[in-house]
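The values are calculated or read from the model by the stated rules, or taken from the named source; none is laboratory data. Since this is a predicted model, take the numbers as computed values, not measurements. Note that we place each Cβ from the backbone using ideal geometry, even for glycine, and neighbour counts take in every protein chain shown.
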Amino acid sequence: MSAITERFVDTIGYRTLIWDSHPDDSGKRETVILLHGGGPGANAKSNWIEFIPEIAGDYRVIAPDLVGYGRTDHPEDMPGSLTGWIRMRIEQVLAVMDQLGIERAHLVGNSMGGSVAMHLVMTAPDRFDRISLMGSAGGESHPTTEVIKMVGFYKDPSISALENLTKWFVHDESLLSASIADIVAERHREVMRSEVRRSYECFFSSSPTEMAVPPSALRRMPHPFLVVHGREDRFVLPESSVFLQRHLPNAELHIFNHCGHWVQVEKRSAYADLLRRFLAAKN
């Protein structure tokens, strides 16, 4: 596999930063688009850079900084609601696909990115094949204390507060022990950028429940879905994925024991194996 390339793509009047595993692919292989979560300091690199090599041997993998996060241009005229941000991200992902000449793709969405994935399927069902949701927002879920702390992060945007949040994302924090200081320092530099803070506070100025996808919409998604969740996830409770699996007509559900919100970190190899088999299936 060639080195993962970081570059910008023009999307509807602004630039989107993407990580691309095969920038010169020219349609030779199927594409998987990875959509990151919405916590403070989140972006494509922090969510996916260690995971991309797990599937890039067989697929072209694209991971964008969703608008409002990372180094994608931050809009001056921001949406006035979380629903407006979701719509902007739907249009962004479709524009990335159009710019790269990608007619159809698979989707993998983590947390907020899972909600974006389902909204993409609602908007443009013919553009997507198989979808995996990981610790996904968009199901029936009530905000936990951890989510309330995350949404209100800028009430105390300290290093120690961010370190606590980062540890809460996993069940076994020893997995982060060797690198926790570096992870927190990098994410803290990100959250302290003025444009990132402005977008984050605007995004969460309305209730996270606006990311929910109605059962009436879920039952109209015939696509194959792989829904995965960590049993110890405290940001999106596993019951949310049970709800999604119950209403999606063609979904399988896998719950990982001893795993928090970051399945791609704590169960990286196991999830990658599961995902590769799912994407390769033809039925």
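Quick notes on this structure:
- Positions within the stretch 250-269 being among the polar types (S, T, N, Q) and either part of a helix (DSSP H, G or I) or touching a Pro at 6+ places or on another chain (Cβ under 9 Å) (or both), in sequence order: 250, 264, 269
- Within the option set 272, 181, 185, being assigned to a helix (DSSP H, G or I), under 16 Å from the mean Cα position of the chain (by Cα) and within 30 Å of residue 56 (Cα to Cα) holds for one residue only, 272.
- Residues considered: 121, 147, 151. Of these, the only one that is touching a residue at least 40 places away in the same chain (Cβ under 8 Å) and within 21 Å of residue 108 (Cβ to Cβ) is 121.
- Hits in the stretch 24-49 (condition: over 19 Å from residue 188 (Cβ atoms) and not small (Gly, Ala, Ser)): 24, 25, 28, 29, 30, 31, 32, 33, 34, 35, 48
- Restricting 130, 198 to residues that are under 16 Å from the mean Cα position of the chain (by Cα) and of a type in the set (D, E, K, R) narrows the list to 130.
- Looking across 60, 71, 89, one residue alone is in contact with a His (Cβ under 7 Å, 6 or more places away or on another chain) and either surrounded by 17 or more Cβ atoms within 10 Å (Cβ to Cβ) or touching a residue at least 12 places away in the same chain (Cβ under 8 Å) (or both). It is 60.
- Condition check for residue 12: crowded, with 18+ Cβ neighbours inside 10 Å, in contact (Cβ under 8 Å) with a residue 60 or more places away in the chain and not acidic (Asp, Glu): no
- Candidates 210, 266, filtered to the one that is acidic (Asp, Glu), buried (at least 19 other Cβ atoms within 10 Å of the Cβ) and under 17 Å from the mean Cα position of the chain (by Cα): 266
- Residue 163 being closer than 21 Å to residue 45 by Cα and out of contact with any Asp or Glu (no Cβ under 7 Å at 6 or more places or on another chain): yes
- Residue match in the stretch 137-144 (condition: touching a strand residue (DSSP E or B) at 6+ places or on another chain (Cβ under 7 Å), buried (at least 24 other Cβ atoms within 10 Å of the Cβ) and small (Gly, Ala, Ser)): no
- Each residue in the stretch 57-70 was checked for being closer than 12 Å to residue 30 by Cβ and not in a strand (DSSP E or B), and 2 pass.
- Summed over the stretch 140-174, the residues that are in a helix (DSSP H, G or I) and either touching a Cys at 6+ places or on another chain (Cβ under 8 Å) or of a type in the set (A, V, I, L, M) (or both) give a count of 8.
- Any hit, the stretch 128-136, residues being farther than 20 Å from residue 226 by Cβ and modelled with pLDDT of 95 or more: no
Residues are listed down the side, and each one gets a yes or a no for (1) over 22 Å from residue 128 (Cα atoms); (2) in contact with a Phe, Trp or Tyr (Cβ under 6 Å, 6 or more places away or on another chain):
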| position | (1), (2) |
| --- | --- |
| 19 | no, no |
| 41 | yes, no |
| 63 | no, yes |
| 67 | no, no |
| 74 | yes, no |
| 89 | no, no |
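- For beta carbons closer than 9 Å, sequence separation of 6+ or different chains, a first residue in the stretch 254-283 that is under 11 Å from residue 55 (Cα atoms) and a second that is of a type in the set (Ser, Thr, Tyr) and part of a helix (DSSP H, G or I), there are no qualifying pairs.
- Of all residues making up the stretch 218-241, the number that are crowded, with 16+ Cβ neighbours inside 10 Å, in contact (Cβ under 8 Å) with a residue 40 or more places away in the chain and outside any loop (DSSP other than H, G, I, E, B): 9
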